[in-house]
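Contents: one structure, followed by commentary.
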Amino acid sequence: MPNRFKLETVLILFLIPLLMGQTFADSANEKNKSVKSQPIEYKTIEWTDLIPEDELDILLNPPSYIDDIIDGSFEDEISSQIKNNLAPAKDDPYQQALVSTRVKPGMDGQAIGIPGFIVPLEFDDELIVTEFFLVPFFGACIHVPPPPPNQIIHVKYAQGLELKTLYDPFWIYGILKTSTVENDTATAAYTIDMASYEDYTEE
């Protein structure tokens, strides 16, 4: 993983799903219809539903100084953000939001369906994945700093999920928990007791 990233690139990758109503939001209504046939009714959600409202407002309205950062400057060096270990400035709500572990307590225990990309943590030679991070956009935790912990979901699935390529998004269904999991790859502020999955397709 590179030691340096352009701040503008990171912000674009993180904010695009927010500003566009989330990467997968367009098909949420259709999925609400299809999952009702399952024994448990899984409510499809968007990634923005996991962010506390005050932090979402901050992220959607970044401070003016972001436009003033010069490429290659000290402020442009954010490699320590890769593992979410950088302590955010206490007087800067925006920087705090970028590495936030805050969750929405009301999401705990909800039966949900959410689309995302998989960052494998445990898998065999046939790429059957049994543990992974679910993230809102491709590239998180691989080539760019990960999104905030409250935009990462830790998942274990003993049955295993076949992952052909990292570019493939999936719908993940299960019970969401507000539980923090941290490892060398990233920190997740949510977990899912996964029940099932299916390939993501545009409706």
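Just so you know, all these numbers are worked out from the coordinates, no wet-lab data involved. No experiment lies behind these values; they were computed from the predicted model shown. As a convention, Cβ positions derive from the backbone with ideal geometry for all residues, glycine included, and neighbour counts pool all protein chains shown.
Key figures for this structure:
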item: Separation of alpha-carbon centers, segment 151-194 and segment 99-124, rounded to whole Å; result: 6
item: Sum of side-chain charges, Pro52 neighbourhood, beta-carbon under 13 Å (Lys, Arg +1; Asp, Glu -1); result: -3
